[in-house]
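Have a look at the structure below before the remarks.
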Amino acid sequence: MGEVILTMKGIDKSFPGVHALDHVDLEVRKGEVLALMGENGAGKSTLMKVLTGIYKKDSGTITYEGKEVEFKNTREAQDAGVVIVHQELNMLGHLTVAQNLFIGREFKKGITIDDKKMNEEAKKLFEKLNVDIDPTEKMSNLTVGKQQMCEIAKAVSFDAKVIIFDEPSAALTEAEIEEMFKIIRDLKKKDIAMVYISHRMDEIKVITDRVTVMRDGTYVGTLITKDCTKEDIINMMVGRVIYEDPKTHSAVPADAPVVLKVENLNAGKMVQNVSFELHKGEILGFSGLMGAGRTETARALFGADPKESGDIYINGEKVTINSPEDAVKYGIGYLSEDRKRYGIVVQKTVAENTTMACLYNFMKGIFIDKKKEEKVAQDYVDALATKTPGVDQLVVNLSGGNQQKVVIAKWLARNCDILIFDEPTRGIDVGAKNEIYKLMNKLAAEGKSIIMISSEMTEILRMSDRIVIMCEGKKTGEIDIAEATQENIMNLATREIN
Amino acid sequence: MEKIKQNAFVKKAGFNRIILVGVMLLMYLAFGALTKGNFFGMSRILNIMNYVYFLGFLSLGVTFVIATGGIDFSIGPVMFCCALVSGYSFLTHGVPMAVALVLSVVIGLLFGIFNGYLVAYWKVPPFIVSMASMNIAKGIAAVFTKTQSVSWPQSSDPNGWYRNFVKMGNIPTGLIIFLVAAIICGIILNKTKAGRYILCLGSNKEAVRLSGVDVKKWEMLAYVICGILVGIAAIFFVGAYTTVQPGYGDQYNNEAIAGCVMGGTSMAGGLASIGGTVIGVLIISLLQQGILALGFSKDYQFIITGFIVIAAVYADVSARRRKN
């Protein structure tokens with residue numbers, strides 16, 4: 001095994017309210033591929049951002065090629081040879097491949113750009129990597145796979161010694177992944193060190209040498225890939241103790257009627273043949289890793305995004321939902337993970353937001369009955385214990401938890417019986433989180449049916465009566481809470497080893 | 001109970017309006033002093049008011065559009081198109097005066113529907129739509145009138161009764177109608193479902209859509225209201241000046257938008273003040289007449305209103321930036 005090129009030791013980083021990295025260690029060697037794994041929010045990306053200078057660490061040391069370093073920005077990291085290949089491609093479609101590769105450092109001939117030289121250099125680079133791409137081709141004409149190759153080539157062209165791949169395979173086909181692996185193997189031979197972030201177990205097994213696992217911002221351990229199993233890795237990823245009492249059995253009676261039935265819902269790559277049932281008074285958890293297609297499923301169901309096919313039944317009756325208007329008509333309310341963008345109008349008052357979906361109930365002729373509006377809004381403020389000086393307060397001035405309560409009030413005022421909570425506690429502090437949980441349990445007990453999309457394992461195990469697990473746009477399983485464990489959920493949420 | 005900052009934004013809007021009224025009075029006094037009292041004469045006041053009426057209707061209209069976060073650069077030329085087509089119909093085709101007046105409003109309405117539909121349903125950017133319909137309006141007017149100016153009948157003419165909308169003897173009917181219209185606009189914007197949804201979608205269209213609201217319909221409605229008001233503005237324009245020439249009208253876009261934005265309506269949408277628009281229009285009109293009274297040509301006014309729009313929008317943008 002090669003010598004160590006990069007060591008991160010005791011890296012600590014806090015954001016307001018979050019201890020994102022808690023004394024994390026990482027070691028990368030020349031000519032190896034190190035997998036970096038962990039659940040959503042484990043701190044993988046944060047760690048890489050600290051390394052490449054996007055974030056400043058609070059404490060800890062980074063040693064690179066035997067010297068302690070602290071990169072101020074990605075440019076500095078690049079110049080030193082530490083390059084990140086992002087999941088989203090940062091390419092300009094209307095420029096040629098060569099122009100993209102050398103953007104910001106174009107070859108010049110006097111004051112004009114020397115395209116000929118750039119094309120030659122790009123060609124040399126691709127030859128070195130054994131990739132067949134025409135440097136004069138327009139970037140937008142390439143497949144996503146080829147574009148990813150260009151990203152890698154660009155990284156190599158910086159004379160990189162350490163390359164970080166942040167979920168590089170997310171958008172690639174099997175064949176493209178295979179091609180990418182060929183390049184990675186080639187780079188290994190050239191003694192380049194690589195960090196490979198991915199959720200896909202099969203890829204980890206195929207391409208990496210060692211696996212470092214993180215959990216909740218801490219370093220868990222490092223394994224030799226060929227000596228470990230998928231179960232070993234999952235156990236390290238989820239092996240936390242759940243402090244908040246998890247639900248042990250479903251609170252829903254066995255004969256509770258089905259209020260919502262979704263059959264073979266399809267909407268693009270992220271929603272493929274998803275089917276499930278929701279019972280009255282049930283909290284149905286939707287678990288899965290980033291990009292599993294849970295939000296996309298909810299949005300397609302709600303009519304926020306177009307769907308290709310699929311049947312939806314409400315209380316046994318087949319319905320057509322083509323827009324949020326339709327969904328709301330059938331009593332479905334959607335609470336987005338991004339409240340500020342999709343949930344509330346922050347520059348409007350608590351009262352105005354509360355009545356947003358049911359303003360027709362507050363009309364007196366052509367005028368809005370503001371007294372009635374304020375009274376009803378106040379009733380919900382009281383019922384949900386929303387902390388606000390008054391219903392005429394602008395929502396922008398409320399805290400995250402209280403903003404969430406305003407969104408809940410909006411759907412309750414509309415009398416929605418099916419509520420889709422998409423990451424209901426994201427960005428909400430611990431105390432307010434518990435309040436939201438209590439509220440959801442109360443709503444379910446009162447007969448509302450809830451779909452809860454959550455990326456937090458503890459939240460899933462604490463709240464759900466039943467859990468649907470998705471992976472890469474497909475439903476991979478359904479578990480009753482009585483049988484649910486972190487391990488079997490994570491097993492379904494990650495791709496099988498082929 | 002945690003302490004939350006009291007709604008500073010609304011308070012500030014009120015404060016700004018007080019400042020604006022002060023600015024208006026100071027301007028009036030300054031022009032008066034510079035013209036050695038000439039500016040305080042009755043005829044000058046009538047001139048100012050004539051300008052206020054048509055510009056006011058334009059500005060009220062564009063306030064609804066800007067409240068949705070959109071923009072309309074076609075209002076001036078559309079107003080001219082309304083005045084030219086209906087006036088020409090009256091003069092050449094023997095259309096009765098009453099019908100001609102209704103026609104003017106209908107033409108404005110049609111442009112509003114056209115603009116609104118393209119913006120709301122086809123998602124064509126408002127800037128592009130209104131730039132295009134500005135030229136369409138100019139073109140239609142020129143073709144229809146064979147590029148000739150149209151002179152509406154004078155007060156002495158039996159058909160000159162339409163001028164009573166502006167001034168009936170010594171009664172400033174125009175002022176009364178304009179203020180009533182402004183109050184109605186204020187009620188629509190603040191007390192009806194349409195106004196509520198127009199303001200909300202201007203602030204966050206996606207959140208309103210995901211609340212199950214038909215945002216396209218309400219967004220289009222803002223342009224339709226604007227179109228109707230532009231059609232009415234045309235009546236007040238000819239009521240004051242009688243003669244309209246094809247190919248013009250652009251200069252009033254800037255002035256109407258300046259009046260609206262100066263009054264506290266945010267170009268980013270979601271925040272609009274009818275009261276502010278009325279004061280803004282008064283200031284613009286004062287400025288217009290003041291500059292003429294001082295003996296400068298109208299061109300100076302273009303320069304000044306141009307800078308006013310930039311200053312007002314910059315003030316709005318920087319106020320928002322401070323808040324974030």
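The values are calculated or read from the model by the stated rules, or taken from the named source; none is laboratory data. Predicted, not measured: the structure shown is a model, and the values here were computed from it. Cβ sites come from the backbone with ideal geometry, for glycine too, and all protein chains shown count toward neighbours.
Give, as residue ranges, the helices (runs of 4 or more DSSP H) completely inside the stretch A:100-202 that count at least 1 residues that are within 28 Å of the chain's Cα centre (by Cα) and free of Cβ contacts under 8 Å to residues at least 60 places away in the same chain.
Numbers: elements: A:115-129, A:144-157, A:174-189.
The helices (runs of 4 or more DSSP H) meeting that bar are A:144-157, A:174-189.
If I filter the stretch A:372-391 down to residues being hydrophobic (A, V, I, L, M, F, W, C) and part of a helix (DSSP H, G or I), which single residue comes out as surrounded by the fewest Cβ atoms within 10 Å (Cβ to Cβ)?
Initial filter on the stretch A:372-391 (hydrophobic (A, V, I, L, M, F, W, C)): A:376-377, A:381, A:383-385, A:391.
Adding the requirement that they be part of a helix (DSSP H, G or I) leaves A:376-377, A:381, A:383-384.
Details: A:376: 20, A:377: 27, A:381: 23, A:383: 14, A:384: 19.
Checking each candidate, the answer is A:383.
Starting from residues that are in a helix (DSSP H, G or I) and basic (Lys, Arg), keep the ones in the stretch A:294-308 and report whichever is farthest from the other protein chains (Cβ to nearest Cβ).
A:294
Kindly provide the set of residues from the stretch B:189-232 that are closer than 21 Å to residue B:110 by Cβ and facing another protein chain (nearest Cβ under 9 Å), ordered by number.
Once the filter is applied, which keeps residues that are closer than 21 Å to residue B:110 by Cβ and facing another protein chain (nearest Cβ under 9 Å), the stretch B:189-232 yields only B:194.
All but one of (1) at pLDDT below 90; (2) over 30 Å from residue B:160 (Cα atoms) hold for residue B:289; state the number of the condition that does not hold.
Among (1) at pLDDT below 90; (2) over 30 Å from residue B:160 (Cα atoms), the lone unmet condition for residue B:289 is (2).
Which of the residues belonging to the stretch A:392-435 are within 12 Å of chain B (Cβ to nearest Cβ), β-branched (Val, Ile, Thr) and surrounded by fewer than 23 Cβ atoms within 10 Å (Cβ to Cβ)?
Answer for the stretch A:392-435, where residues must be within 12 Å of chain B (Cβ to nearest Cβ), β-branched (Val, Ile, Thr) and surrounded by fewer than 23 Cβ atoms within 10 Å (Cβ to Cβ): just A:396.
Among the candidates A:23, A:19, A:86, which residue alone is of a type outside the set (A, V, I, L, M, F, W, C) and modelled with pLDDT of 90 or more?
Going through A:23, A:19, A:86 in turn, the sole match is A:23.
Yes or no: residue A:451 part of a loop (DSSP other than H, G, I, E, B) and either assigned by TED's automatic domain parsing to the domain that holds residue A:486 or under 19 Å from residue B:190 (Cβ atoms) (or both)?
no
In the set A:445, A:432, A:493, which member is more than 18 Å from the chain's Cα centre (by Cα) and in contact (Cβ under 8 Å) with a residue 40 or more places away in the chain?
Matching residue, one of A:445, A:432, A:493: A:445.
Answer yes or no as to whether residue A:356 is in contact with a helix residue (DSSP H, G or I) (Cβ under 6 Å, 6 or more places away or on another chain) and free of Cβ contacts under 8 Å to residues at least 60 places away in the same chain.
Yes, satisfied.
Is it the case that the stretch B:152-159 has a residue that's at pLDDT 95 or above and surrounded by fewer than 16 Cβ atoms within 10 Å (Cβ to Cβ)?
No.
Please tell me if residue A:342 is at the interface with chain B (Cβ under 7 Å from one of its Cβ atoms) and assigned to a strand (DSSP E or B).
Taking the combined requirement at face value, the residue does not satisfy it.
Residues in the stretch A:351-371 that are in a helix (DSSP H, G or I), over 19 Å from residue B:202 (Cβ atoms) and among the aliphatic types (A, V, I, L, M): how many?
Adding up the residues that qualify gives 0.
Starting from residues that are of a type in the set (Phe, Trp, Tyr) and assigned to a helix (DSSP H, G or I), keep the ones in the stretch B:224-283 and report whichever is nearest to residue B:83 (Cα to Cα). Quick ask: steps written out before the conclusion?
Narrowing the stretch B:224-283 to residues of a type in the set (Phe, Trp, Tyr): B:236-237, B:241, B:248, B:252.
Next cut, assigned to a helix (DSSP H, G or I) only: B:236-237, B:241, B:252.
Details: B:236: 9, B:237: 8, B:241: 11, B:252: 14 Å.
Top of the filtered list is B:237.
Check A:48, A:8 and return the single one that is within 24 Å of the chain's Cα centre (by Cα), among the hydrophobic types (A, V, I, L, M, F, W, C) and modelled with pLDDT of 90 or more.
A:48
From the residues in the stretch A:353-371 that are touching an Asp or Glu at 6+ places or on another chain (Cβ under 9 Å) and at the interface with chain B (Cβ under 7 Å from one of its Cβ atoms), which one is surrounded by the fewest Cβ atoms within 10 Å (Cβ to Cβ)?
Among them, the one singled out is A:363.
Answer yes if at least one residue in the stretch B:292-304 is under 20 Å from residue B:226 (Cβ atoms), among the β-branched types (Val, Ile, Thr) and out of contact with any Phe, Trp or Tyr (no Cβ under 7 Å at 6 or more places or on another chain), and no otherwise.
No: zero hits.
Give the stretch A:379-403 a look and list any residue that's at pLDDT below 90 and under 14 Å from residue A:337 (Cα atoms), or say none.
Selection gives A:400, A:401.
Considering only residues of the stretch A:312-324 that are within 27 Å of the chain's Cα centre (by Cα) and surrounded by 15 or more Cβ atoms within 10 Å (Cβ to Cβ), which is farthest from the other protein chains (Cβ to nearest Cβ)? Step through it out loud before you land on a result.
Step one: filter the stretch A:312-324 for residues within 27 Å of the chain's Cα centre (by Cα), giving A:312, A:321-324.
Imposing the further condition that a residue be surrounded by 15 or more Cβ atoms within 10 Å (Cβ to Cβ) reduces the set to A:312, A:321, A:323-324.
Values: A:312: 16, A:321: 11, A:323: 8, A:324: 5 Å.
Out of the qualifying residues, it is A:312.
Which pairs turn up if I take residues in the stretch A:254-267 that are farther than 18 Å from residue A:292 by Cβ and look for partners that are buried (at least 16 other Cβ atoms within 10 Å of the Cβ) and of a type in the set (S, T, N, Q) with beta carbon separation below 7 Å, at least 6 apart in sequence or on another chain?
A:259/A:449; A:260/A:449
Among the listed residues A:196, A:219, which satisfies the condition of being buried (at least 19 other Cβ atoms within 10 Å of the Cβ), of a type in the set (Phe, Trp, Tyr), in contact with a Ser or Thr (Cβ under 8 Å, 6 or more places away or on another chain) and over 23 Å from residue A:472 (Cα atoms)?
A:219
Which residues, counting only those in the stretch A:91-112, are of a type in the set (Gly, Ala, Ser) and surrounded by fewer than 13 Cβ atoms within 10 Å (Cβ to Cβ)?
Across the stretch A:91-112, the qualifying residues are A:93, A:104, A:110.
List the pairs whose first member sits in the stretch A:472-485 and is at pLDDT 90 or above, whose second member is acidic (Asp, Glu) and surrounded by 15 or more Cβ atoms within 10 Å (Cβ to Cβ), and whose Cβ atoms are under 9 Å apart, counting only residues at least 6 apart or on separate chains?
What qualifies is A:473/A:296; A:480/A:465; A:481/A:465.
Can you name the residue in the stretch A:325-339 that is crowded, with 23+ Cβ neighbours inside 10 Å, closer than 22 Å to residue A:280 by Cβ and not hydrophobic (A, V, I, L, M, F, W, C) and, of all such residues, is nearest to the other protein chains (Cβ to nearest Cβ)?
Per the criteria, the residue is A:334.
Going by the structure shown, is residue A:237 assigned to a helix (DSSP H, G or I) and either surrounded by fewer than 17 Cβ atoms within 10 Å (Cβ to Cβ) or out of contact with any Phe, Trp or Tyr (no Cβ under 7 Å at 6 or more places or on another chain) (or both)?
Spelling it out, residue A:237 is indeed assigned to a helix (DSSP H, G or I) and either surrounded by fewer than 17 Cβ atoms within 10 Å (Cβ to Cβ) or out of contact with any Phe, Trp or Tyr (no Cβ under 7 Å at 6 or more places or on another chain) (or both).
Inside the stretch A:370-423, can you point out the residues that are over 21 Å from residue B:196 (Cβ atoms) and touching a residue at least 60 places away in the same chain (Cβ under 8 Å)?
If the condition is that a residue be over 21 Å from residue B:196 (Cβ atoms) and touching a residue at least 60 places away in the same chain (Cβ under 8 Å), then A:400, A:404, A:417, A:418, A:419, A:420, A:421, A:422, A:423 are the ones that fit.
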